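The numbers here are math on the coordinates, done by the rules we state, and not lab data. Keep in mind the model is a prediction, meaning the values are calculated, not measured. Cβ atoms come from the backbone with ideal geometry, glycine included; neighbour counts cover every protein chain shown.
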Amino acid sequence: MDCSLVRTLVRRYCAGEENWVDSRTIYVGHREPPPGADAYIPQRYPDNRIVSSKYTFWNFIPKNLFEQFRRIANFYFLIIFLVQLIIDTPTSPVTSGLPLFFVITVTAIKQGYEDWLRHKADNAMNQCSVHFIQHGKLVRKQSRKLRVGDIVMVKEDETFPCDLVFLSSSRGDGTCHVTTASLDGESSHKTHYAVQDTKGFHTEEDIDGLHATIECEQPQPDLYKFVGRINVYNDLNDPVVRPLGSENLLLRGATLKNTEKIFGVAIYTGMETKMALNYQSKSQKRSAVEKSMNVFLIVYLCILISKALINTVLKYVWQSEPFRDEPWYNQKTESERQRNLFLRAFTDFLAFMVLFNYIIPVSMYVTVEMQKFFGSYFITWDEEMFDEDTGEGPVVNTSDLNEELGQVEYVFTDKTGTLTENNMEFKECCIEGHVYVPHAVCNGQVLPDASGIDMIDSSPGVSGREREELFFRAICLCHTIQVKDDDEVDGPRKSPDSGKSCVYISSSPDEVALVEGVQRLGFTFLRLKNNYMEILNRDNAIERFELLEILSFDSVRRRMSVIVKSATGEIYLFCKGADSSIFPQVIEGRVDQIRARVEHSAVEGLRTLCVAYKRLIQEEYEGVRKLLQAAKMALQDREKKLAEAYEQIEKDLILLGATAVEDRLQEKAADTIEALQKAGIKVWVLTGDKMETAAATCYACKLFRRNTQLLELTTKKIEEQSLHDVLFELSKTVLRCSGGLTRDNFSGLSADVHDYGLIIDGAALSLIMKPQEDGSSSNYREVFLEICRNCSAVLCCRMAPLQKAQVHAPCPLSLASDWGIVKLIKLSKEHPITLAIGDGANDVSMILEAHVGVGVVGKEGRQAARNSDYAIPKFKHLKKMLLVHGHLYYVRISELVQYFFYKNVCFIFPQFLYQFFCGFSQQTLYDTAYLTLYNISFTSLPILLYSLVEQHVGIDTLRRDPSLYRDVTKNALLRWRVFIYWTFLGVFDALVFFFGAYFMFENTTVTSNGQIFGNWTFGTLVFTVMVFTVTLKLALDTHYWTWMNHFVLWGSLLFYVAFSLLWGGVVWPFLSYQRMYYVFIQMLSSGPAWLAIVLLITVSLLPDVLKKVLCQQLWPSATERAQNTCVRWQDHLPELTPLASLQSLHPSAAWPGSHSEQVTSLCWESKEHEAPAHGARLSLSRRHPSWKPCFGGPPSGDG
Amino acid sequence: MKTTPQGCQSRLPDNTALKQQQLPAYRLQLSATGVLSGFFATGVFCLGVGIILILSAKSIKEIEINYTKICANCAKLRENAVNFDKECTCSIPFHIPETMQGNVYMYYKLYGFYQNLYGYILSRSNSQLLGTDVKDVGSCAPFRESHNGTPIAPCGAIANSIFNDTIILSYNLNSSIHIKVPMLRSGITWWTDKYVKFRNPSSNNLSSAFAGTTKPPYWPKPVYELDEEDPGNNGFINDDFIVWMRTAAFPTFKKLYRRLSRTQCFIEGLPAVTRFRGEKSVVLSTLTWSGGRSLFLGLAYTVTGAVTWLATFSMMAAHLMLKERKMFFSQQ
């Protein structure tokens, strides 16, 4: 890292001199070029050490402390502690120093341990041995000692130690296979090519004789881009110059497969490898609750400062009379008299700050952290979120976002592998218009003979049979599947009949499904060996085809082809691809019938592919071969020329038929999506599939329902009209209904009034997002967002990579589109909370970008799960995670935050009031022990336990009634109104404690034996009332009383009493004062004190109870109604069947609470004294003040 | 970690009620009946207690005699620090209209005396008062040592400012015969203060125990001569001293001075009032189980009870109204 910094600096200062810094010259094997070539400039490169750790042994303590005190709260506590140390304050520095020290130490230990683990991993990586060539011999060396220019040998299944230029391989053709699973998650084998002029060097001696230099660009993070040039110096000839591309580059982190060994020369090492450059530490995500908490903290800080200021000013106003400044009974010392007035005032200000600093307690941070940490275990422990099939449970990668799960407004989901199982199954094929359905496979039992086919219509003739076999052969041959004979594959992608011990591996599950499907129809692909593909035909005979060319798949062409030569010498080109890309190239075949079938299949949600072929005569093939060769050898625009060549070759095809593969929906995916939508969450599906296929899937998983009005924003439509017209027309449609409505806080509901679904494809999206010359793009974007806000479901058919690049700045390892959409919504003006869920490496960027990233432990590797915040085994678990866990976490933590502020207002406000009665002399009201222990032990455990186990509504109710989720969205429990209510409640309670006790004490005796009480008794009385009140307030807020709640709640009160008795009962030898001696016991011996305690507790709790009862009766929220709903009735409520939900037309959809409300009203009738059902209606109109029914609205009773 | 029989299933979470958040629990439900009856009961309780308290407070007789003005000349005399040990007497005749039954307690009451100032409260030495180390005056600034460096016992601002007026209650049978009312000094302090928290330094002779220390600057007499009548009431365990040392919570405070059994009064004493610009008075009061004559607690209870009842009735009204309307809707 340091080197790169230096280089950047060098580049900046030497920019004018030369351009050498933009590229680097590497001397292969450190051999100087022959004279006459460029001068040998030794350059310094970093060694091959990977450093992912943050600290070293030496800088750990200062750096860690610095990082910790960068947190504003820690810094604040540090300041308070220092002030207490420096000036004479009424509270001991221990009271704030000890908790702070504890927090800092625990955090430092945790971070140190994590860093130690990273060090260990780095060391293991840096010390693993590498083979490299030195003076013609093979030497082993530690990986970290590798330098740029070294020639490295890598054996099969080894990982490349740095970025290498591929020189030669043990394979004759100079190729090697590589998987990049750990880089980008693609587990397929990719072929890389050795440099033409060096591929002949097979032995160590040969390679040592190589004399070459490589010029290449400086390292950059793009994994798929590399530009370079190699100069090979032959004896006395001019050097041969060859271009190098990414196909010559072997990346660190990738693994060599199916190749015995390769030689390569190191060009980027250590932290300059593309892997290291791509390593980006996950940016810290912060939850909305944390943000509100910080805002509240600032408010409290302001309150604190203003309190201190007020007291300081009043103190000097009050002291302006000398007899008050220095009464005869309390004279000052000489040094005090001589102190500067301003210095004195400032010290007083600081002393007041310290006196009131408990209003922002350290313990809140500790409690919040503990709540998050322990709370996250409930997800991990949840049995219902454990998947028996895969043996996987949910994983919590960060506990910081638990409560954010209860705030989600947008869910972005990947389709393949997330909504669907990514378990492709060959469904049917259509050959020449005849439909074939393979026999259903039961338990992996495959019928290998032809009887396994069910013909839908009449049997084809003899020529038909020929075509049929040709079709099967085409499927068997036209793919890039590799066969693994053993079971050592990374990933469970096995063929269903593992008895045959061959496993197909491919980057595309569709291909595997097709080949396996054809296997069931009698044609088995055996292996690819020495460029011969072997297939087993229906007669159990092996057919061998020579593989001549592969015209590989790309997503622009959307098709692939192979050219094979049969045993009889016939040359075929088989082409397979999306219908839209095949049909234009076809000149013969029953296009219409097949097209009809394809469309039919697509509507059913099947993934379709068309297969075509053409026969080539030898001369034609020669032409093709030359064409391809020329394109492959091109130095410039190779990609483009290849594409042109492919285009030329893949034409005049004869259509054979089409296949349909089903990707089954995951179980309960529909149920989950339905529940999410009912919860007011907008679901966006992002997919790469065909629009029809995707739409069908969306219907199947209830993203779109029958009554959903679909809006299309597709390329086709934009071609007909201009983007502008389409957009504004759509927005008019959407807003027609909700036009009169203020879309303030419940956009979810207005979408339900009339269900809109939007389908948009990548090209259209890129048009909307593309910055226009006149700067009107933001305008389009706004309109688009407006439309999206009013659609409950959006389907994005993904755009092609090229288009993606146009839209967004390239983002490493990402499909920019998903990322872009998520970012677009995230940054829209309402700042909704987004959740992204996906299973593949292509979803990682989206997962990282969204507020909450959820990874599905899928078939495409664990990349997504690793980068996510939460990983779940199946999509269906999202429902419980959001609706139950998220909701509960949110309710718990918001109560935790509010309660903490409340109890500290109660704690500190009497202290503030007391200053008015003690001449602003900073006298504390409570004893030091009480000051220290109030937050640490007397009131800490009940709220911690509450925030862990509280269930304001039962789990079953939450799951059954998703609409309850709406009650907490938009940070509902931490709004300003609620915060101010809690603060005022705290102030009120504090006034009651203080003045209640004040009037008790003033002017009267409170004992029956005439003895009097002093100031410590007064403080203790206030404190006792306070501890009981705040604890009982929590008890009143607790809805779910387990034995633990009873134990902790009553236990902590008991502890307070026991502690006070003990604290006051003994003359503690270590204390310099005995001010609390017998104070508590004396207080309890007085009858009026008991009466006062009971009264003051009652008075402080009364308003809150009253408010709660009134609100619940008059304006109950859905949650409160659910709380009061009798459980008996709910138990008999059947789960919503999908059919029923399909039939739920406008009226019920228009009224989200209607379902639960119905339940409640029935319940009320059965129960005499429940709150009346009318409340339901009141609540609705409260939430939507300007709600106007559009059509099919609720029955307009009294409105 | 528990291992389940099947190895592959070991990641399955335990099915315990705690981990599945299914602990058996009681669900607190605020039903209308419960809430209303709870409120009603609270109201009854508060009203009842309030009325009892008011009645018992009414039965208390209390007389306050403010002697600030009447004894102003003494205060003036005392303003000059030279005269601090000169005697000055003033007497206030007063009449008790009603018989004060039961035990009567005599308090002195100071107005505007801040015993709760931060520096003031700190200015005492507990190890000295415990008798462990008479010369420990570390925390007593600014009254730690006399000018010649002798430690003060008892040191500190609290002890220094002790209330040293002598109040004598006499019964005027007629203009010439005054019967001195017997007063009890005992029982005016907390038992623990007298016998645990305040201890004289161990020595045979009290005056030798305090050898090497000096009296506080404002005191006329050293601490071992506070009570001339009862030698056991001298030193740190003097009742008046202990009472003074329990700092009051507010600038206006009463402290128990004497207990007596019969009525009538005569006052003698010389307080230095003007220096702190407060007022002083003597309070004579009887007590009941609920303490002194203060209506506050009783009134607070009564008001709370009344408010609770009001809330109960209005809630009930709202509830019935809503229920009626609901019935109306359900009939429709």
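Things worth noting here:
- When every Cα-Cα distance of segment A:316-406 is counted in 10 angstrom steps from zero, the calculated P(r) takes the values 12, 24, 15, 11, 11, 13, 9, 5, 1 percent.
- Inter-chain shielding of B:14-24 (mean C-beta neighbours from other protein chains, 10 Å cut-off): 5
- Partner shielding of B:49-55 amounts to 1, given as the average count of beta-carbon atoms from other chains within 10 Å of each residue beta-carbon.
- Sites residue A:128 and residue A:240 - FRET efficiency at Förster radius 41 Å, r taken between beta-carbons, to 0.05: 0.70
- Here is the list for segment A:636-731: trypsin sites (Lys or Arg not before Pro) lying in DSSP coil, each with at most 15 other C-beta atoms within 10 angstrom of its C-beta, are A:651, A:706.
- Flagged links, alpha-carbon separation over 20 Å, of B:194/B:255; A:155/A:199; A:829/A:970; A:732/A:826; A:285/A:826; A:372/B:19: A:732/A:826
- Rounded, prolate or oblate (a/c below 1.5 giving rounded, otherwise prolate when a/b exceeds b/c) for segment A:674-736 by Cα gyration tensor: oblate
- Applying a DSSP loop filter and a limit of 14 other Cβ atoms within 10 Å to the GluC sites (Glu not before Pro) in segment B:78-171 leaves B:87, B:98.
- This model, with +1 at the C-beta of Lys and Arg and -1 at the C-beta of Asp and Glu, gives chain B a dipole about its Cα centre of some 1160 debye.
- Linear extension gain, residue B:175 paired with residue B:26, 0.36 nm per residue minus alpha-carbon span: 46.0 nm
- Residue mean of other protein chain beta carbons inside 10 Å, B:300-309: 3
- Inter-label distance for residue A:332 and residue A:980, nm, one decimal - labels placed 7 Å from Cα along Cα-to-Cβ: 4.2
- In percent, rounded to a whole number, the relative contact order of chain B is 34, using alpha-carbon pairs under 8 Å and six or more apart.
- Span from the segment A:541-597 Cα centroid across to the segment A:992-1044 one, whole angstrom: 87
- Computed from label points 7 Å out along Cα-Cβ, the spacing between residue A:1066 and residue A:1036 is 3.7 nm.
- Convex hull volume of the Cα atoms of chain B, normalised per residue: 286 Å³.
- Extension gain for residue A:202 to residue A:544 (0.36 nm times residue separation, less C-alpha to C-alpha distance): 120.1 nm.
- By the combined test of axial Cα extent (at least 20 Å) and Kyte-Doolittle hydropathy (mean at least 1.0), the qualifying DSSP H helices of chain B come to B:32-58.
- With both labels modelled 7 Å from their Cα along Cα-to-Cβ, the residue B:196 to residue A:827 distance reads 6.9 nm.
- Relative contact order (percent, whole number), segment A:43-129, Cα cutoff 8 Å, 6+ residue spacing: 46
- Residue A:945 sits among other residues whose Cβ lies under 13 Å from its own Cβ, and their net charge, with Lys and Arg +1 and Asp and Glu -1, is -2.
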